[in-house]
Each structure stands twice: as structure tokens, then as C-alpha cells.
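One structure is given below, encoded as C-alpha cells.
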Amino acid sequence: MEAETGSSVETGKKANRGTRIALVVFVGGTLVLGTILFLVSQGLLSLQAKQEYCLKPECIEAAAAILSKVNLSVDPCDNFFRFACDGWISNNPIPEDMPSYGVYPWLRHNVDLKLKELLEKSISRRRDTEAIQKAKILYSSCMNETIEKADAKPLLHILRHSPFRWPVLESNIGPEGVWSERKFSLLQTLATFRGQYSNSVFIRLYVSPDDKASNEHILKLDQATLSLAVREDYLDNSTEAKSYRDALYKFMVDTAVLLGANSSRAEHDMKSVLRLEIKIAEIMIPHENRTSEAMYNKMNISELSAMIPQFDWLGYIKKVIDTRLYPHLKDISPSENVVVRVPQYFKDLFRILGSERKKTIANYLVWRMVYSRIPNLSRRFQYRWLEFSRVIQGTTTLLPQWDKCVNFIESALPYVVGKMFVDVYFQE
């Protein structure tokens, strides 16, 4: 018993001594670490043996670019926007052919300049793929100034054929261009505009992922755009909004006259067209009410037709859908699901159209097609558009032809010009 007791006392002493040593080491280590952290936080000690700076050309260019955009004389705590942006704003005034400007348009313009250089290079049968050759040919044809000689002929050729006949022109472009109320079909006109010219008027139909089942694609129906970009410009009584409506009306009249319409007839008909567009603006769902939940109204085409029976929805969709892109929609049926994003808009739309003269509807539809084609017409049409744009957007000069053509090629052949750009500039 004694031996066991003596052994226990000795072990306890050793344990107490070890605990004290461990405690001293812990406290000492904590003090040292705390001292180091304090010195680092005060800038009196660096954890790096040597401070390194990047002096490569790329780093110097990046630093210079950042410094050129800021205003170091402004305290960021007082006005961070001026501190961060003053330099950029003073060095980059808004171009005369643009309504606004920013870093993204600046980058876009620099990319367009590089694409211009690539598209203007001679075609190489050995080096250029067939797609790139076609892109260069399309760009070259866009830059061809013989459009000035053609003037309005390409558009007038379209306007002489149904369903593109424009009532306001009467017989001024020949008997084949005379519009017939008896032959007018709203469905056929809307479908042809959308299918052949990508002009969505009254109705916007497209295919995209289902918002509640993203692995599936579904047809969607939405309200379309108007001639003016902002709905409120049709509704506000402010001086500015009224000036926009006046400018639009005069532009519609002058465009019709340039294409051969009688001026008094154009003034009368375009007043009715503007009144119709104001009615459409009134029923459009404003941005603040376009919530994801409110716009998700899933139903089949049969249910849509029962809700809005004034329009042949199935017939319209069949005429518009490109079955080469969406072969599974070739045999589309009334049981096909669609998302109707603005049911109330469509109810109101067909109520308005049902009480409107067919001539006014046709005048409006063809106006929207003509409006979208003006950039492709001769200078006299484009300068008239510039007068309109000066009021609406503040632009004072036309976009250079090369810039317009580059944008057109980018829109028509995005993957081709994308590959051209990546192959050359992403290797740097």
C-alpha cells in the first residue's frame, strides 16, 4: 500500500510540472504571435522577404488605363462616382452618332474596328473557310454604294406584293401595289412579317427554356415593341413626350411621301396609325408589373383559343415556326403547351383590333415593316431618319457605313465573325 501511495504522489508532481511548462509555452507563443500581428497591421513588419512589382508592358498599360479613368483630386469618400469616372468621362465624349456612351459601347466599338479590318481582308480560297468567305462577300455587298442608285426600288418591289401592300400609297406605285380590304388577312400579314422579316408586331412569339422546367423548351407569347422605345412616351403629357409623338408622326408622313404617297392622304392616314399605336401602348403591361410569377401563364393552345377566340392561334403558330430549326413542332397540335406572358394584353389587343378599321391596321403593320427597312435604303431616307433620331435620341450624324455593315454581319453570322475574332486576337 505504501509503495503504491508513494508512486502516486511522484506521478502527480510530474503532471503538475508538465502543465505549468505547457501553460508558459502557450502564453509565450500567444504573446509573440500577437506582437507579430500588431507589427504587420501597423505596417512595421512585412511577411514577405521582398515586395515585388509587375513591370511587364501589360501591367503598365493596365495601370495607366485605370489611372486615366479616375480623378485623384476628388476624395472618394465625398464623391466616389467622380473619383472613379471623371477621367473617363472627360476623355470620352458621347459620339455624335450615338445617344449615349459608356465603357461597354467603347469596348464594342474597338471590337468592331478589329472586325472591320478582318472583314476587309482579301478572300483567301486556301486560308478562309467557306463561311468566312461568305461573311466577307456579305460585308463587301453591304459596303457597295450602288444602293444610292437603287434608292427606294428594293422596298417598293416588296410593297407591290401581298401582304405588304401599303394602303396609304393607294395606286401611286402602280396598280399591282393597290391594297384590297377584301383580301386583307391579319393572320397572314402578321405571320409573314414575323416569319420572313423577323418583324414582331402586336405579338411576339418565340421559343425559350420553360421558367419552371429549364431542361425543356416551350413556346412563349408576349407583347411586341412599338415604334418608340418607351411606352410612356405615348402616354405622358410632358413637353418632351409630346415632341417625341410629333416627331414620330412627321416621320411617318414624310416616309410615306418619299415612297410615293400623296401628302394629304399621308397626313390623314398616319394620324389614324398614331392613334392606334397610342391605344396599343395604353394596354401594354408596364415593366414594373412584368414579374416572373405574373408572366408565367402556362396553358395549351386549345385553352388559349378558348380564352381569346378572335384569333387563330394554332394557324398563326404553324405559319411562323421554322420547322427546320424545330422539327418536333412540325405536327404541332392544339394540345401543345405555351406560356402566355400577358393574357390581359392579348384580350385587350383583339378587342381594340376588332373595332378598328382594317385599313388603319394594315397601314400600321406595313409602317412597322417599312420603319425597320429604312437603314437599308438610300441616303435621302437615312437623312430623314436622322432628323427623327435627333429629336428622339439626340444623335447628330449617321452611323458610318462600315460600322453599320459590321453590325449587320455580326447579327447575321455571329458564330462566323466570332471565330474570326477569336482565332486572331485570343492568341495574344
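Since every read-out is calculated from the coordinates, none of them should be taken as a lab result. All of these numbers come straight from a predicted model, not from anything done at the bench. Cβ: placed from backbone, ideal geometry, glycine included. Neighbour counts: every protein chain shown.
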Legend entry - Segment E145-D210, extension gain: residue separation times 0.36 nm, minus the distance between their alpha carbons: 18.9 nm
Legend entry - Cα-centred dipole magnitude for the chain, charges only on beta-carbon of K, R (+1) and D, E (-1), debye, nearest 20: 1280 debye
Inset, instruction - Return the ratio Rg/(2.2 N^0.38 Å) for the chain, where Rg is computed over Cα atoms only. - result: 1.54
Legend entry - Theoretical FRET efficiency, 1/(1+(r/R0)^6), r = Cβ-Cβ of Y249 and R324, R0 56 Å, to 0.05: 0.90
Legend entry - Unit charges on C-beta of K, R, D, E only; dipole of the range 64-184, Debye: 760 debye
Legend entry - ³J(HN,Hα) computed for each position of the range 86-98 - Karplus, 6.51 cos²θ - 1.76 cosθ + 1.60, integer Hz, glycine/proline x: 3, x, 5, 5, 5, 8, 9, x, 5, x, 5, 9, 10
Inset, instruction - Calculate, for L187 and T225, the FRET efficiency according to 1/(1 + (r/R0)^6) with r their C-beta to C-beta distance and R0 30 Å; round to the nearest 0.05. - result: 0.90
Inset, instruction - List the residues whose amide H sits under 5 Å from the amide H of D210, counting only those 5 or more places along or on another chain, with H placed 1.01 Å from N in the peptide plane. - result: E216, H217, I218
Inset, instruction - Starting at the first residue of the range 381-388, write each ³J(HN,Hα) from the Karplus equation 6.51 cos²θ - 1.76 cosθ + 1.60 with θ = phi - 60°, in whole Hz, x for Gly and Pro. - result: 6, 5, 5, 5, 5, 4, 4, 5
